[in-house]
Amino acid sequence: MFCYNLCSSSRGNSTFLGDTGSGILFDAGIGIRNFQKALSLAGISPQAIHAIFISHEHSDHVKGLDIIAGRFDIPIYGSRGTLEFLVHHGLLSASRKLHILDAPVEAGSFLVTPFSTPHDSAESIGFHIDCPNGKSAAICTDLGYPSETVMQGILGCDFVMLESNYDRKMLLTGSYPAFLKQRISSRSGHLSNDQCAQTLEQLVQSGTSRIALAHLSEENNRPELAHAYSAQYLAQRGMTEGIDFTLEVLPRFTEGRRIAV
Ligand SMILES: [Zn+2]
Ligand SMILES: [Zn+2]
């Protein structure tokens, strides 16, 4: 059982969870050619994907969705708000196999439970996943702050993929217009490196041992900065990387690496 990230950044997000023969996909913010390239790099066939779970309608999560789901005849799960938005705006064909996700659902021997995330979109969600090997995982990106609902969804999971979107200083001093800076750092925007680190402290205390930092901004963050911030924050609180937890930053586009779950 492994987590395999096809791509992760403000430009595109898609994550596979499973083994080479069977699994599920989270978000499809990737073109079909890169999708096939990324899967073959890890020896996964598109036919192994039982379902696609969509967090929300922003293009970095859905740009390949309609074509990928159509080509491989894969059912799609998302909140009512997200699915309605996508179909209404012509981003998703109503003839696809669409399922409203408002309660735990079984897909390919995984049990996926959605939870609401605070983000400026129709009805965004994160995912708590009970895996067939008895482990639990959480995938949670695009959130302005770690709400109580989010914490309930991710606490205690063995593996957590969490957003570490921006460095506060880089955002403040960067080239983005003021309204965009405001949007990103608001309570319905994205999680900063420091908010991420504070959340990880609670996660590691709850038993989380494998962490992946996801959805880094290309403009307002750097992988080494995101990694150092969380690793140092946790070290200052007596939690040591490599002993208490593993921590890695997901690359923008996969280099073929899988993370054991
Ligand atoms: Zn978003
Ligand atoms: Zn996003």
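Nothing in this text is a laboratory measurement; each read-out follows from the coordinates by a stated rule. Values in this document were obtained by computation on a predicted structure and should not be read as measured data. In this analysis, Cβ positions are derived from the backbone assuming ideal geometry, glycine residues included, and neighbour counts consider all displayed protein chains.
How high is the relative contact order of segment 164-261? Use alpha-carbon pairs under 8 Å, at least six apart in sequence, and give a whole percent.
It comes to 34 percent, rounded to a whole number.
Per 0.36 nm of contour for each residue apart, how much would the distance between residue 97 and residue 235 grow if the chain were fully extended, relative to their Cα-Cα spacing?
Stretched fully, the residue 97-residue 235 segment lengthens by 45.1 nm.
Highest GNM mean-square fluctuation, the chain, Cα pairs closer than 10 Å: which of 200, 180, 111?
Among 200, 180, 111, the largest GNM mean-square fluctuation belongs to 180.
Hey, in the GNM for the chain with a 10 angstrom Cα cutoff, which one of 21, 78, 29 fluctuates hardest?
21
Taking amide H positions as placed in the peptide plane 1.01 Å from N, state which residues far from residue 253 in sequence (5 or more) or on other chains have amide H under 5 Å from it.
Amide H neighbours of residue 253, under 5 Å, 5+ apart: 8.
Identify which of 237, 222, 183 has the largest mean-square fluctuation in a Gaussian network model of the chain, with springs joining Cα atoms closer than 10 Å.
237
Counting other Cβ atoms within 10 Å of each Cβ, which GluC sites (Glu not before Pro) in segment 177-261 have at most 11 and sit in a DSSP loop?
218, 255
For residue 176, what charge total do you get from the other residues with a beta carbon under 12 Å from its beta carbon, if Lys and Arg give +1 and Asp and Glu give -1?
Computed value for this residue: 0.
Tell me the net charge near residue 242. Cut-off is 15 Å between Cβ atoms, residue 242 excluded, with +1 for each Lys or Arg and -1 for each Asp or Glu.
-2
Sequence gap at least 6, Cα distance under 8 Å: using those rules, report the relative contact order of the chain to the nearest whole percent. It would help to have the intermediate numbers written out before the result.
Numbers: 600 pairs, mean separation 48.6, N = 261.
Reported relative contact order: 19 percent.
Under the rule of -39500 (n - 2.57) per DSSP H run of 4 or more residues, summed and divided by the residues of the chain, what mean residue ellipticity at 222 nm is obtained, to the nearest 500 deg cm²/dmol?
-8500 deg cm²/dmol
Using amide H atoms built 1.01 Å from N in the peptide plane, name the residues 5+ places from residue 57, or on other chains, whose amide H lies under 5 Å from its own.
122, 123
Considering only the other residues whose Cβ falls under 12 Å of the Cβ of residue 222, what net charge follows from Lys and Arg at +1 and Asp and Glu at -1?
After counting each charged neighbour, the total is -2.
Compute, for segment 2-260, the length of the dipole vector about the Cα centre, with Cβ point charges of +1 (Lys, Arg) and -1 (Asp, Glu) only. Units Debye, rounded to 20.
On the way: 20 positive and 26 negative charges, 104 e Å.
Value, rounded to 20: 500 debye.
In straight Cα distance, which lysines are under 21 Å from residue 37, not counting same-chain residues fewer than 8 positions off?
Here the lysines satisfying the reach criterion relative to residue 37 are 63.
Straight distance only, please: which lysines reach the Cα of residue 181 with their own Cα at less than 16 Å, same-chain residues fewer than 8 apart left out?
In chain and number order, the partners are 169.
Which of rounded, prolate, oblate describes segment 58-197, given a ≥ b ≥ c as roots of the alpha-carbon gyration tensor eigenvalues and a/c under 1.5 marking rounded, otherwise prolate only if a/b is larger than b/c?
oblate
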